Each structure stands twice: as structure tokens, then as C-alpha cells.
Amino acid sequence: SSCLVSKIRSSENMAWLASQGKRLGLLAAAVVACSSATSFHDRYGKSDALGVCPVTCPPNRNHGDSHTGFTENTGFNTTDGKQCCDICAVTGQVIDGNSAYDWDYVILDSIFVPRFCQALQEGHDVTLTHPSGSRCPLKEQQETRLQIHGLWPNWFNKYAACCLQPNPLDTAMVKDWSFFQALGRRWSDAAMAAECSTCFNLNHEWQKHGSCFTDSAKAYFMVGMALQHAMVHATDAVSAALDQRRGASMTVVELMAIWNATAQIQSQRPPAINLICDPQGPGMKVGGEVLHFFSELQVCWGRAPGVKKGIPLYSPDQLVPIDCPPAKQRHFTAPCPALFAVDGDSA
């Protein structure tokens, strides 16, 4: 509605976001804040209580290593070390000049923190946002949870990124958002201290994906968090099930049954979701078979009735859950096979 659009543009009150959650029949999930990684700091500088963040983003940077996912097209720029790297300024970056906001559906992707952290140790970054050598602290690796990775506009027949060549996030402005602390808990970077994460995962998601969804960075992140609220009970149930099976195998049928049952308890029609595994790394051997590890959960959303293509969106009211189109095999992600593995020590 126009009222909600106005509120999300101007309101800095987290009570509003909470009210949207309640309206959707939701409760917020508490997520442990992230901290920094020693090996990363050894290479790029310490991130501590003084707020000293690592500087990457050299002028001669490229997109990154397509085999490992590591990149220096991220983080803080080398000019002043205070502002975010302009990841869309790299020569040859995929730019879509459309101003029509013509995506077909959006994916809310939640990443499984133990897999992300273990993948870094194995030598690849499934988020494509960190320099080589990045690591999670041990505490983060032991946290069995799903948290927001990104909100991604998608097209059936094309790909776009860096729509309209958006400016990087302004770190001072982001820090002044009243929901900044909640953002640090629920949309955080497990390989980065909270005070530094703005220019790593958050800026990457905004510049690459968010600008294809809306013209407001603030609205992009608020909508993403509100959509997470919309499925929080089912997402929490999946996370709890993964925790019980850490260090072991699990089937897609089992996990989908948990998702569907929890959504039905909340009087919601369970939308078809995508369960994503990491095809890189050594996997886990079970009965002579090498199983890929679970990595991500994807929930899809479409425009609500009456919301037309061609406008930036600002409110969760403008979206409705839909069945996800089947996920495709990619270098760092793949649809989970019938039997997959779960990172972590056995419960």
C-alpha cells in the first residue's frame, strides 16, 4: 500500500518492522552477532574495538577467482580506507542498464553458517565476497544456524547485476539506520567483525542485487529482513533439524517435510523451496558415497496482486511467497541430491 511505501521510505523505527512481522504471523529469530577472523586479520589488518577494518579493493582489481570465489573487488577502498569498494566499477562487470525493475521473481537466500565457514577453510568462498585467506572464528563455525545471505531479483531468460550502476553503501549512513544492530545479527558476515561487514557482504548484496530491486538501500535491507520474518518459524525448524544431524547425512524428503509441516502449523501454504548444496570441497563419505554438504535455503517471492513491473519496491506488502523455480547447477551451488551431508561434529 502507499502508506507502507511511505513508512519504509521514511521510518527508522524498528517497531514498524516488528509490526510487519506480527501482521504476517511472525516472530523474530535471534541470531548471534559475528566477529572477526584471525588469519584474515593477519593478512589485511586487525578489526577491533577501535574500528580498524581491513582495506582491500586495489585499483587494478578484477572480478575475482572464478575457481575459488575469492576476490579483492570487495571491502574498503584503498583511497581512504573508510568507504566501500565500488564493486560495479570493475572493467567488464555485468551491467544491466534497465530502469524498469523488470525481474520475474526474487529469491531470499539464507546461508548455513557452518558450511560457509568450513568452505573458507577448504579454499573457496560460496558468497564470492571475501579475499583469499578469510576465515571464521571457531565460535562461528560451531553456530548451527541459517542467516540471510541476500535478496536476489531473478529473470527467467536473462541475468543482470549492478543495475543502473549504483553507488556503494555509505558506511556512516548505514551505521545511523535504527535497525543497524538487527542487521548485524540477522544479515551478518561470519568472517568479518560487525563494524566492518558493511563493506563486505552487505555492500556486495546491495550493489550487485539490491539496485535491481529498488532505488533505496535502506528499503532493500528492511524488506529482506521482513521477508525473513515471514518464514521464520519454518526456517528455525529447518535450522534445528540441521543441528540435530550435524556431522551426519540427511535426505531432502526429511528436510522438506519439516519445512512443510511447520508452515502448515502457522496456517501458511508452504511454498516450494530450493535446498542448495556446495558441490566444491571434499564432501563427506557415507557408505562408499561422497555426499555434498548442505549450504543454502531459498524461498521465492513474486509481486503481490496489483503490483506491476517497472517500479522500485519498498515494502514487504508488495510481495507474496511463490513456489521457487527449480535451482540450476552452478560452480559453487547445486540443488541438493536426495541424500546430502550436514557440516559439524556429531550431536
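The values are calculated or read from the model by the stated rules, or taken from the named source; none is laboratory data. This is a predicted model, so every value here is computed, not measured. All Cβ positions, even for glycine, are placed from backbone atoms using ideal geometry, and neighbour counts span all protein chains on display. Accessible surface areas use protein heavy atoms only, side chains included; no ligands, DNA or RNA. Shrake-Rupley method; radii C 1.70, N 1.55, O 1.52, S 1.80 Å.
A few points about this structure:
- Residues located in region 317-347, provided they are open to solvent by less than 60 Å² (accessible area, probe 1.4 Å), within 30 Å of L164 (Cβ to Cβ) and touching a strand residue (DSSP E or B) at 6+ places or on another chain (Cβ under 9 Å): Q318, L319, V320, P321, I322, C324, P325, A327, F332, T333
- Each residue in region 275-290 was checked for being more than 24 Å from the chain's Cα centre (by Cα), of a type outside the set (V, I, T) and part of a strand (DSSP E or B), and 3 pass.
- Test result for T78, of a type outside the set (D, E, K, R), touching a strand residue (DSSP E or B) at 6+ places or on another chain (Cβ under 9 Å), at pLDDT below 90 and closer than 19 Å to F294 by Cβ: no
- Subset of region 250-274 (residues that are assigned to a helix (DSSP H, G or I) and of a type in the set (D, E, K, R)): E254
- As a summary of the residue check, Q93 satisfies the conditions (1) crowded, with 18+ Cβ neighbours inside 10 Å; (2) at pLDDT below 90 except for the one numbered (1).
- The residue of region 164-181 that is surrounded by the fewest Cβ atoms within 10 Å (Cβ to Cβ), among those that are at pLDDT 90 or above and among the hydrophobic types (A, V, I, L, M, F, W, C), is A172.
- Of the numbered criteria (1) touching a His at 6+ places or on another chain (Cβ under 7 Å); (2) at positive phi, the one F340 fails is (2).
- Among the residues making up region 227-246, a single one is closer than 16 Å to W187 by Cα and among the acidic types (D, E): D236.
- Number of positions in region 154-163 that are farther than 22 Å from C199 by Cβ and open to solvent by less than 30 Å² (accessible area, probe 1.4 Å): 2
- Residues of region 294-342 that are in a loop (DSSP other than H, G, I, E, B) and among the basic types (K, R): K308, K309, K328, R330.
- Members of region 197-209 that are crowded, with 23+ Cβ neighbours inside 10 Å and in contact (Cβ under 8 Å) with a residue 40 or more places away in the chain: S197, T198, C199, F200, N201, N203, H204, E205, W206, Q207, H209
- Every residue from region 120-138 that is open to solvent by less than 50 Å² (accessible area, probe 1.4 Å), of a type outside the set (V, I, T) and assigned to a loop (DSSP other than H, G, I, E, B): G123, H124, D125, H130, P131, G133, S134, C136, P137
- Among residues of region 262-316, those that are hydroxyl-bearing (S, T, Y) and open to solvent by 50 Å² or more (accessible area, probe 1.4 Å), counted: 1
- Of all the criteria given as (1) open to solvent by 10 Å² or more (accessible area, probe 1.4 Å); (2) farther than 26 Å from P270 by Cα; (3) touching a strand residue (DSSP E or B) at 6+ places or on another chain (Cβ under 6 Å), the one not satisfied by C212 is (1).
- Condition check for M222: closer than 29 Å to S178 by Cα and open to solvent by less than 10 Å² (accessible area, probe 1.4 Å): yes
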